[in-house]
Amino acid sequence: MIEHELVDAVESLTIDPAAFDHETHIRFAWTLLRDDPDGARERISIGIRRLAAHADAPKKYDEALTLNWISRISEHLRPDEDWSSFRRRAEDLFAK
């Protein structure tokens with residue numbers, strides 16, 4: 001799934017919540033931080049919170065954790081970098 005399709009799927013609640021794993025969370029946030037820096041934090045928080053509620057798991061959403069991850073991902077951002085490069089370079093974000 002390319003980045004904009006992922007964002008659309010999360011925001012329209014058409015993504016299967018079971019497919020929204022750790023890496024997909026990061027890719028969703030990375031896309032918005034890269035493409036919509038002014039609105040990214042709000043869109044990420046709303047998107048993940050709505051998806052959790054849609055999956056009947058609203059308590060899984062944690063605002064502090066989401067903001068922490070947004071900050072961590074932001075620290076790794078580089079202008080005009082594609083996902084593959086980011087994924088290789090920011091390996092620490094993907095270790096659980």
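Based on every Cα atom in region 42-96, Rg and the maximum pairwise Cα distance Dmax equal 13.2, 36 Å.
For the chain, the list of chymotrypsin sites (Phe, Trp or Tyr not before Pro) that fall in a loop by DSSP and count at most 14 other C-beta atoms within 10 angstrom reads 94.
I need the P(r) histogram for the chain: all alpha carbon pairs, bin width 10 Å from 0 out to the longest distance, whole percents. Answer for the chain: a P(r) of 15, 54, 29, 2 percent. Ordered by solvent-accessible area of protein heavy atoms (1.4 Å probe), largest first, the residues 12, 74, 45 come out as 12, 74, 45. Rolling a 1.4 Å probe across the protein heavy atoms gives the chain an accessible surface of 61 Å² per residue.
Taking the chain as a Gaussian network, Cα atoms linked when under 10 Å apart, which of 53, 40, 29 shows the biggest mean-square fluctuation? Answer for the Gaussian network model of the chain: 53.
Modelled spin labels at residue 14 and residue 92, positioned 7 Å past Cα toward Cβ, are 3.7 nm from each other. Ligands, DNA and RNA left out, the accessible area of the chain computed with a 1.4 Å probe is 49% carbon and sulfur.
The values are calculated or read from the model by the stated rules, or taken from the named source; none is laboratory data. The model shown is predicted, which means the values in this text are computed figures rather than measured ones. Counting neighbours? That spans all protein chains shown, and the Cβs are built from the backbone with ideal geometry, glycine included. For accessibility, only protein heavy atoms count, side chains too; no ligands or nucleic acids. Shrake-Rupley method; radii C 1.70, N 1.55, O 1.52, S 1.80 Å.
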